[in-house]
Every structure is written in structure tokens, then in C-alpha cells.
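Notes to accompany the following structure.
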Amino acid sequence: MAKKAKEKQEKPIEVSLWESANKLRGSVEPSEYKHVVLGLIFLKFVSDKFEEHRARLIAGGKEKYADKPEFYNMSNVFFLEEISRWSYIQEKAKQDNLALVIDTALHTIEKDNQSLKGALPDNYFSRLGLEPAKLASLIDEISDINTLKDKEQDIVGRVYEYFLSRFALAEGKGKGEFYTPKSIVNLIAEMIEPYKGIIYDPACGSGGMFVQSIKFIENHHGNKKEVSIYGQEYTNTTYKLAKMNLAIRGISANLGAKAANTFSDDQHKDLKADYIMANPPFNQKDWRADNELLNDPRWRGYDVPPKSNANYGWILNMASKLSENGVAGFILANGALSGGGEEYKIRRKLIENDLVEAILILPGSMFYTTDISVSIWILNRNKSERKVEVAGKIRHYRNRKGEILFMDLRKIGEPYEKKFIQFSKEDIQYIAATYHGWQTATIENIAEIYNQPEFCYSASKEEVAAKDFSLVPSKYIAFRNRDENINFHEKMQALQIEFKELLQAEEQSKQELLHVFKNLGYEIKL
């Protein structure tokens, strides 16, 4: 009996589109090219939405209103003049001035839609100088995306998110700071549960924290109209990415009037947020001048953060913006967990003021753009006993005053793209369930359940004080068969570096082998 031919598995649209778009990149740097591709995806999406609404108006006998902006704005659809529509751009795709046509389309859309002010690339395509033929081919590729095919699947959002992650991978170390791996963002969302109220991100990058917050609400059958989103971003091109990323998903957000420095030009000075999610720049040096921001109200009650490193500037900025029941989940380099000087004094005061609720040390190799070991901090303004409604269920928080939960997640995660680690859905559920279980646990079962060797430890404020206010998890979490002469934290870091070097060596060997085959006239895929 003949063997049944294997059914060819169709690639997801975002994967096929990325492969095609990446081939057309040529010599253009990924950091530049991303604005071309993402700008065009945005343009295709808003044009499809416009054409759909226009057809609906005409079919409903309202043809005379089909060119009136107010009849689009009232339905949260962006109005497009003819020169901004995708069909017009397709007609001009073979012309040498295609870049100018696209720039004009984007400029006109921004002019006609106040909510997109400052969101779209400004004369970007003309400045970049991408070959007209390649730009035309890219138009053809993106034309194949049916952005309206399946509203439940959020096709265009999926494509946009996938491209952001792929560009972060392509840009490599030292670049792409705007992108936080999705599994880390999902974990923070599941832990702090941004279900209702004000959400804030002081270093919002391309808006990934906000996107996952809204997905958290939708997955738990909440109402996204019950949240308000505020953010700020320093880099102008990334600020535009964030506005486009949110507009594609119909998410309203106040990202400030412009791209601006959160420290020197705070766009939300009086904000009090219920939830803060952030991945600020790691170990930012010279973030303020010697005599700048010395009396800033955000440091009130604390020492002024040192200008040599902004980590504690970010921490105090977020702590100052928490509402009376506010919770913050953010990522910092592990260096912030210990150390002396002003950082020690601020950390000690944060612990004494009972703001620090949990510290989670993450596996190495989770970020695409840095090898730095990082941790998640959870700050909680109200650790007292109370009842809170989350996703339609009442959760009874116990009195966790004077306690901090430490978690070591370095043994958790799964491989991603061979070189990286990510958390699976099951990992995220397990970690979040442990944290929420600890929040609601009785005193009697704390020691039994939440003091697990090599995973977690519930420490009292007195224990932390005895360790000189260090927040390094390995100082509290027990190790099996522990040899006190071994620094397990340093040993784990060394092993992670060794593992990464082995993977890089394997990749280099593979590339050398492919090069040999190519010289012999063979095209081999490994």
C-alpha cells in the first residue's frame, strides 16, 4: 500500500510575510527597515478599515456622507483622502517617486486625524532611499494581507507583534531596546492583573506592555473601556511605533504630547496609577546633570538617585505615581538588588516603607538585545488585608505587611530560537499562581508551601534587614546540598554564559559548513 503523502503545513501569514519582506531589505539596517515595513502595514490596515466603512455607508444609502470625515471618526475609523488609500498607492507602485507618494499619504492621514498627531513616519521613505523596485515589491507583499478576514484572530495585530519581535532579534545586542519579550510581559500582566483603572508605563517603547494588558482583560472577560492608558517614550521613532501599534488595535492611550525624557520632561506629572508596567533602560548612565532634579518631588522622602545609574530614578518615579492601592511590575538589571551609596539608602527606605512585595530573578538569555541578568520587581502600595474583585471573582488578600516573596525562576522556561529562553503558558500560570497563592495564604502554611529550596522564600522584613537590605534572591532561597563556600548566584551566571557561548560556537560552525557547501555549488539548509 502506497504511503500517504504528508500534508503540507501552511505557514502562518506573519512568518511568510516576514520571510518575503526580509528578502527585500537588501543593505538597509533592520533598525531603519522596521519603520518602512511597519509603516506600510499600518497604512494597509487603516485603508482596509476605511474602505469597509465607506462601502457600509454607501450600501446604507448614505453615499453623500462617504467623503465626510465626521462619519468615520464617530465609528473610530480613520478618514483617508484618495491620495492616502492603499489602492492609490498600488496604482503608483511602479513610479520612481513611490517613496514620495507614501510619505504624502502618511502625512495626509496624520493631518486629517487628530488622534494620530505625531504618530506616523515623517518624510521617512524619501530620506531612506530604498530602491523603488524593492519598495514596489514590498507593496505587493503587504497587499496580500487581508486585514479584515478574521476580526477574532487580530491578524494585523499578530503580524505587527511578530515583526517587532523579529526586528529586535535582527538588530542584535545594543539595539532594539524598545522590545520586551512577550512572555515576560505576559508574566507581569498575570501577576499584577491590570483589570480596571489607570495603567502607566514611563518607558513604553513600542507599547507592548499596553497590548498585553488589554489582552489580559479580554482573556478574563473584562471590559477594556474600564482602563485608561498613560505612557511616555523618549525616542521619537519608537514613540511613533507605539502610537501606530496601539491605533492598529483600537487602543486609546495618552502618550504625552510628544516624545520626551521622563525625568526632565515628565508628561504625566500629577498621575496616580493603579497599575504600572515597565522595562526601563538598564543601568542608564549620566541621566541627569550634577545639579539637575535635586529637589524633584518624585524623590521626596528618599535620597536623590545617583547620576551614575538611573535604576533607582526609575524605581522612585514609579513609586511616586502609585495610587493608594497601586501595584507596579517592572524589569531591572540585577545590580539594583544590592550595592551601596545612595542606592542602598533608597532600597533600605523602600523596604522599611513596605513597598517591595516580590522579587523574581529571571533566567539568562531571555532578552534578544542584552546578556545582562535581570529581575522583576513588584511594588505594592497596599499590602494589608483586603478583598479585591479580579475577573469577576473576589480574592481575599491576607496581611502581607513586612514580608517579601523571593522567587528564583532560572530553572524555568523553554528554548526559543535556539539561543534564547522564554516562559511557556504553563510556566506563567505556575509562577503567577504561586505569587497569588502567597498573597492569599494563611500564616500557618507560609513556611510549608512558600519556602521551597531553589524556587521561593517568604522573608520577613527583619530577615531582610539582617542581610543588610539586600534583595538578591539567592541570599534567602535555600539550595539543596548547599556548600556555603560556593556563591551559587555567580556560579549560575557563569554556567548560563558558558551555555550561551556553546550555542554561539555551534551557530558559527554551522555557518562555516554552509559556506563550504556553497563554494562547492550546493545550496544546503541546516
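Restricting attention to the range 338-385, the residues being touching a residue at least 60 places away in the same chain (Cβ under 8 Å) and at positive phi number 2.
Restricting GLU218, GLU233 to residues that are at pLDDT below 90 and either within 22 Å of TYR160 (Cβ to Cβ) or in a helix (DSSP H, G or I) (or both) narrows the list to GLU218. Scanning for something under 21 Å from the mean Cα position of the chain (by Cα), among the aliphatic types (A, V, I, L, M) and within 15 Å of ASN186 (Cα to Cα), does the range 432-448 turn up at least one residue? Yes, there is a match, as at least one residue in the range 432-448 is under 21 Å from the mean Cα position of the chain (by Cα), among the aliphatic types (A, V, I, L, M) and within 15 Å of ASN186 (Cα to Cα). For residues in the range 112-140 being surrounded by 18 or more Cβ atoms within 10 Å (Cβ to Cβ) and more than 17 Å from LEU100 (Cα to Cα), which is modelled with the highest pLDDT? Among them, the one singled out is ASN113. Look at (1) surrounded by 13 or more Cβ atoms within 10 Å (Cβ to Cβ); (2) closer than 20 Å to LEU246 by Cβ and you find that GLU81 fails only one, number (2). Each residue in the range 371-393 was checked for being among the aliphatic types (A, V, I, L, M) and within 14 Å of GLU357 (Cα to Cα), and 3 pass. Residue count for the range 83-124 under the criterion of being under 13 Å from LEU43 (Cα atoms) and not basic (Lys, Arg): the result is 21. When ILE428, ILE376, ILE372 are checked against the criterion of being surrounded by 13 or more Cβ atoms within 10 Å (Cβ to Cβ) and farther than 25 Å from GLY313 by Cα, ILE428 stands alone in meeting it. Sub-7 Å Cβ pairs linking a first residue in the range 118-142 that is closer than 17 Å to VAL28 by Cα to a second residue that is in a loop (DSSP other than H, G, I, E, B) and of a type outside the set (A, V, I, L, M), at least 6 apart or interchain, are GLU131/GLY26; PRO132/ASP96; LYS134/GLY26; ALA136/LYS94, ordered by first then second residue.
Quick check: is even one residue across the range 85-105 in contact (Cβ under 8 Å) with a residue 40 or more places away in the chain, under 16 Å from PHE50 (Cβ atoms), assigned to a loop (DSSP other than H, G, I, E, B) and under 29 Å from the mean Cα position of the chain (by Cα)? No, because not a single residue in the range 85-105 is in contact (Cβ under 8 Å) with a residue 40 or more places away in the chain, under 16 Å from PHE50 (Cβ atoms), assigned to a loop (DSSP other than H, G, I, E, B) and under 29 Å from the mean Cα position of the chain (by Cα). Among the residues of the range 462-472, the ones that are over 30 Å from the mean Cα position of the chain (by Cα), surrounded by 16 or more Cβ atoms within 10 Å (Cβ to Cβ) and assigned to a loop (DSSP other than H, G, I, E, B) come to 0 in all. Only one entry of LEU316, LEU337, LEU293 meets the criterion of being assigned by TED's automatic domain parsing to the domain that holds GLY208 and in contact with a strand residue (DSSP E or B) (Cβ under 7 Å, 6 or more places away or on another chain), and that entry is LEU337. Filtering the range 235-252 to residues that are buried (at least 19 other Cβ atoms within 10 Å of the Cβ) and not charged (D, E, K, R) leaves THR238, TYR239, LEU241, ALA242, MET244, ASN245, LEU246, ALA247, ILE248. PHE79 passes every criterion in (1) in contact (Cβ under 8 Å) with a residue 12 or more places away in the chain; (2) over 19 Å from ILE41 (Cβ atoms); (3) not polar (S, T, N, Q); (4) not in a loop (DSSP other than H, G, I, E, B) apart from (4). For the range 49-63, the candidate set comprises residues that are closer than 16 Å to GLU82 by Cα and out of contact with any Phe, Trp or Tyr (no Cβ under 9 Å at 6 or more places or on another chain); within that set, the residue that is modelled with the lowest pLDDT is GLU63.
The values are calculated or read from the model by the stated rules, or taken from the named source; none is laboratory data. Here the structure is a predicted model, which means the values were calculated and not measured. Here Cβ is always computed from backbone atoms with ideal geometry, including for glycine, and neighbour counts include all displayed protein chains.
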